[in-house]
1. Could you pull out the residue among C:Thr82, C:Thr94, C:Thr119, C:Thr131 that is away from every other protein chain (no Cβ under 14 Å) and in contact with a strand residue (DSSP E or B) (Cβ under 8 Å, 6 or more places away or on another chain)?
2. Hey, B:Asn332 hits all of (1) open to solvent by 10 Å² or more (accessible area, probe 1.4 Å); (2) within 14 Å of chain A (Cβ to nearest Cβ); (3) under 40 Å from the mean Cα position of the chain (by Cα) but one; which does it fall short on?
3. Would you call C:Gln146 touching a residue at least 12 places away in the same chain (Cβ under 8 Å), polar (S, T, N, Q), open to solvent by 20 Å² or more (accessible area, probe 1.4 Å) and farther than 26 Å from C:Gln102 by Cα?
4. Between residues in region A:310-328 that are away from every other protein chain (no Cβ under 13 Å) and in a loop (DSSP other than H, G, I, E, B) and residues that are of a type in the set (Lys, Arg) and open to solvent by 30 Å² or more (accessible area, probe 1.4 Å), which pairs lie under 8 Å by C-beta distance while being six or more apart or on different chains?
5. I'd like the residue in region A:39-55 that is touching a Gly at 6+ places or on another chain (Cβ under 9 Å) and hydroxyl-bearing (Ser, Thr, Tyr) and, out of all such residues, is farthest from A:Ser101 (Cα to Cα).
6. All but one of (1) open to solvent by 50 Å² or more (accessible area, probe 1.4 Å); (2) assigned by TED's automatic domain parsing to the domain that holds B:Cys255; (3) closer than 30 Å to B:Ile10 by Cα hold for B:Met316, so report the exception by its number.
7. Assess whether A:Thr107 counts as being open to solvent by 10 Å² or more (accessible area, probe 1.4 Å), of a type in the set (Val, Ile, Thr) and assigned to a loop (DSSP other than H, G, I, E, B).
8. So B:Asp299 passes all but one of these: (1) over 30 Å from B:Ile427 (Cα atoms); (2) away from chain C (no Cβ under 14 Å). Which condition number does it fail?
Amino acid sequence: MFEQHLFPAISQPVSGSIIYEHIRILFPILRSITGKGIRQTLEYVANQIQDFSIVSIPSGTPLFDWMVPDEWNVNSAKIIDTSGKIVLDLNWSTLHILQYSQPFHGTLSRKDLEEHLFTLPDYPDFIPYKTSYYTENWGFCLSENQKKKLTDLHYTVEIDATLSSGSLTYGEVLIPGISQEEFVFSIHCCHPSLANDNLSSLAIAIELIRKLQSLPQRRLSYRFLFVPGTIGSIAWLAQNTEKTKNIKNGLVLSCLGDKGSFTYKKAREDSANINTIMAKIFSDHPKARIWEFEPYGYDERQYCSPGFNLPVGCLMRSPNGTFPEYHTSADNLDFVTPCALEESLCVLLDLITITENALYPVSTSPYGEPQLGKRGLYPLSPNISKADHTKNDMPDQLCLLWVLNLADGKNSILDIAVRSKKSFRAILSAIELLQEADLLKLYSDKQQNAFSP
Amino acid sequence: MFEQHLFPAISQPVSGSIIYEHIRILFPILRSITGKGIRQTLEYVANQIQDFSIVSIPSGTPLFDWMVPDEWNVNSAKIIDTSGKIVLDLNWSTLHILQYSQPFHGTLSRKDLEEHLFTLPDYPDFIPYKTSYYTENWGFCLSENQKKKLTDLHYTVEIDATLSSGSLTYGEVLIPGISQEEFVFSIHCCHPSLANDNLSSLAIAIELIRKLQSLPQRRLSYRFLFVPGTIGSIAWLAQNTEKTKNIKNGLVLSCLGDKGSFTYKKAREDSANINTIMAKIFSDHPKARIWEFEPYGYDERQYCSPGFNLPVGCLMRSPNGTFPEYHTSADNLDFVTPCALEESLCVLLDLITITENALYPVSTSPYGEPQLGKRGLYPLSPNISKADHTKNDMPDQLCLLWVLNLADGKNSILDIAVRSKKSFRAILSAIELLQEADLLKLYSDKQQNAFSP
Amino acid sequence: MFEQHLFPAISQPVSGSIIYEHIRILFPILRSITGKGIRQTLEYVANQIQDFSIVSIPSGTPLFDWMVPDEWNVNSAKIIDTSGKIVLDLNWSTLHILQYSQPFHGTLSRKDLEEHLFTLPDYPDFIPYKTSYYTENWGFCLSENQKKKLTDLHYTVEIDATLSSGSLTYGEVLIPGISQEEFVFSIHCCHPSLANDNLSSLAIAIELIRKLQSLPQRRLSYRFLFVPGTIGSIAWLAQNTEKTKNIKNGLVLSCLGDKGSFTYKKAREDSANINTIMAKIFSDHPKARIWEFEPYGYDERQYCSPGFNLPVGCLMRSPNGTFPEYHTSADNLDFVTPCALEESLCVLLDLITITENALYPVSTSPYGEPQLGKRGLYPLSPNISKADHTKNDMPDQLCLLWVLNLADGKNSILDIAVRSKKSFRAILSAIELLQEADLLKLYSDKQQNAFSP
């Protein structure tokens, strides 16, 4: 109810090359949903930002309908031909191992081996990324061209891996604001050397967190979760069920480094605030796609499960499964660009600008239009007639008029931007001018009877 | 509130040729809104199904703003030329008589006769079907080509008809279910030898009733009314006003045997459940038409009159008045096909499958997704990665995920099918699998707080 | 709640040439937001209609955030070249003076003079209309071709004007009805010799008022405001704030004499009744435009300001700023036509017909359709079968059926016209017939339970 101040639009000081550098450093690590790789990755994040906690949950811990699996680590994995020559080696690519392969040492016929080899015949140079988390198996992923060279009758396989009691690890940071209401960002970080999916989001999140932590005061609290896919978000939900009551908006971040257009997949409830915000942001991006919610994709599946039904959407550029590089060795350091990364961060800063300004303006002069001329807010000569509404400065004039007209306490700043079809930042500038002229007050709650006697 | 069982999707065992056979048998009868023809027709229906009642209401009985008219029967009707030769005879076609013609015997000039002759100049071979129920008149319907041959200066007319106190007759069967809530089907059966309009619906209804009566148990009660148009539905409404309170859905069936695409005309209230059901069924029929309600057409005019405002739509293939054969001798046994009749019955069986499964699923594992893999409900190797969502079995997988996601007690099975854009039968199969895995419960009522502590 | 009578559809007896004549007479006057010109114009209106009041408010009177400005009058204004020849004279066109020019006498270099000359280089023959109400200035408006001829090094300027304490003047007439609920029309009348903007609306309003005053009895009260733009509507609102509570509909009239298609700009609240009415009227005008509200344009800006938020839209033909003649000397007596003026008045008479018939029909025979035939309301022979629904008189038949079907006390006559897609006048004719047949009653309020026992 108290009068509020505007949160200034965030300018963008982080260059895409800084974001890209995080990806470059983390790319070589063999990550999975458990094990050393994801821990090493989370430790890197912990070194970049303040107040980052790394949480470990022991194998066997029940998590709703699930259970923390055994921890998987692999020291080496190779295929050796009959001449003793190594023909495939995990050292060549972190993708070469079927994730959660069990240890295996033995010699097999080529035919038996082939049941454990995974390729992409349509893209003969790409190594696929494959997993078998919850079904016992072992295997190798390789390119179709590599597989064609395996012509011996027998091969020896050496997989030096462990699948044993350990823990599941995820990272978390809460950036507290004046209100306990939370905006949650969720980033899956369980994939090995895949740059877009999802080191891109991890790197962008690091810079977004730094930015938020540098701001003097925030209205909202922001929580970032760096989790292994599916089991990680379920783990957080299971162990923090009470905290979910504070979540008023949320976004799963995924595949934010490629050159494709933006895609926003809606939260389950059509009326969720995050859906309105993203639709507004992308109304200025002609190629951006707004997709309906469906219970397939990333961790929004868990946040939007019916027991929680949290207002969490998913922000992507090219969506999962729609580009050939997806889940292959072609999702590499060349596939993501500093420019795309920077543009994605800009969208998130627009988003913060909007959520921090969830305010309701009330005009102090609501009966007729206030006289803008005497306050220097009306364009003067040579634009001396209302007829000249093609002048360059008229858009701003129209923003002023829209704000004054809708400043009845029932419309939020976002509502005004949506109805006027003006950009949120243009409306924010207009509000700043009008507030300076004492023509507006801002409230954090809707004012149903702002002008009643 | 008690937990419910699924009603299995109805398979279709009735071949179109069986439906067609009813039409073939009933086609020659001269039916009208009263009289021997409609009684004979209803007696045929009574012989085909169980529990069919034939109701008679005496002439002169008031029915709201109407009154049961005199009963009309005609023994013979002919036109004789000056040489004594019969040039038109009711024996040649039941359409030759203007319905409700009064008895007439006399000789007239050709000019005077022509005022009582009805033709279709645009379709010179077709005999029109015409009526004059509530205005005193007599006349003949004939083809334009027949009329052209009438060149004598005088003709003798012999109409041996009776218009006298008798009764109005309609047929009715109630197929009771667990609930007293009713689905009403209404079929007009007052037309003479017109195959599509409306022996097609009468024949389909016979087979639909047989099917429903053969099912072990139904949740809903189904009422079928075989009525003469307008006056028949008004008669039933007038004498059963209290029963209308139980009608939760309804459908007028008309012209269901021609080869045209399906047409569903909505019930008066846009939000009526039957409108949602038919829109869902026809979302899989690309050529099907959904028409807005209008107070012109068949007996939905009476069911949707403002004092009742019942949720009754109208199912047709080619709608009344839109095809040249409509209300002419060309609506004959060649105009309807076994294939179209069978397809129409299938739509009605889909409808029963949907109405019998008006249930609200509630997930037993609503916090995060349940782990489908450990229950054998997740596709395994070689589909070992979520990436492979182009696999053939993924649609079913997506059905499982949609059901689990929306199983919050607020969405009916129909709601889930509509939102997921999956077929109702595919969603039903998914629910069956999930119920077997103890992941779902089904309720007959909406559960507003299914997951509250 | 009492039963109501229909208000007969208004026929249109006023020819466009009568409307045009008002424009012709008033065109030469030099009007501004204050001064002799607007007073002379209002006195003309006062002579045309009954009960017209002219209100004066002294300079300096505060009006919400504004204040009545000094009154501006100009006796003469000219530019004289070095030879003593008059090269521009206010007598040649009322547009030659920059409105609210301060008095000025002096000789200037051509260069200094040019800072006070306003032209339209893109339309070299047009004299622009320019104002500087609230910023001190002086100047001349002229055509680009006139300006090109000014080649002397010096010119003498003589502006004999006064800007001094006086008053603001506006005109007002209230045409009282049975109800205190008001429909307000607002017409700006501050422009000098511009025919379309806005003598067209002023002239139409005179004839509309005459028409309304000639009607025996009206349900609604109608208020017409003839005001100088912006300051005039603010003045009325400031001095009549209590009366705004009775305003249930309103329309700003502007630019109604050109040949362009109609444009309706919606009132601020999308659900405003006036928006529904105008959308219905223009559903029969295929070229008419419906525009969303925006807080730029005419006095609807003031009526729709958030403290009032009155249901006031704006009716135009070609909208302000969209045609080259706008605010120039080309908006002259040739630019408006008797035909367009008459057509605009017709739209307003349609509007009155709709607002006067804001009634809720209730069927006296709501159970099934009433039998129209026995009341002579059903088409008889030769249209003896329902099949012939292509007959010319069937549209009326369908209007009867729509009215009877929707006459449940919840649908207004307008609702019925909208839903049936029939013209309001056709629905009105149907209601008249049904009321004569005692099949309908009309109420002024919605009847939620018209058929309850």
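The values are calculated or read from the model by the stated rules, or taken from the named source; none is laboratory data. Keep in mind the model is a prediction, meaning the values are calculated, not measured. Backbone-built Cβ (ideal geometry, glycine too); neighbour counts: all protein chains shown. Please note that ligands, DNA and RNA were not included when accessible areas were found on the heavy atoms of the full protein model with its side chains. Shrake-Rupley method; radii C 1.70, N 1.55, O 1.52, S 1.80 Å.
1. Details: C:Thr94 fails: in contact with a strand residue (DSSP E or B) (Cβ under 8 Å, 6 or more places away or on another chain); C:Thr119 fails: away from every other protein chain (no Cβ under 14 Å); C:Thr131 fails: away from every other protein chain (no Cβ under 14 Å).
So the residue among C:Thr82, C:Thr94, C:Thr119, C:Thr131 that is away from every other protein chain (no Cβ under 14 Å) and in contact with a strand residue (DSSP E or B) (Cβ under 8 Å, 6 or more places away or on another chain) is C:Thr82.
2. It fails just one condition, (2).
3. Answer is no for this residue.
4. A:Pro311/A:Lys248; A:Arg317/A:Lys259
5. Only one residue tops the list, namely A:Ser53.
6. Condition (1) is where B:Met316 drops out.
7. Details: open to solvent by 10 Å² or more (accessible area, probe 1.4 Å): yes; of a type in the set (Val, Ile, Thr): yes; assigned to a loop (DSSP other than H, G, I, E, B): no.
Taking the combined requirement at face value, the residue does not satisfy it.
8. (2)
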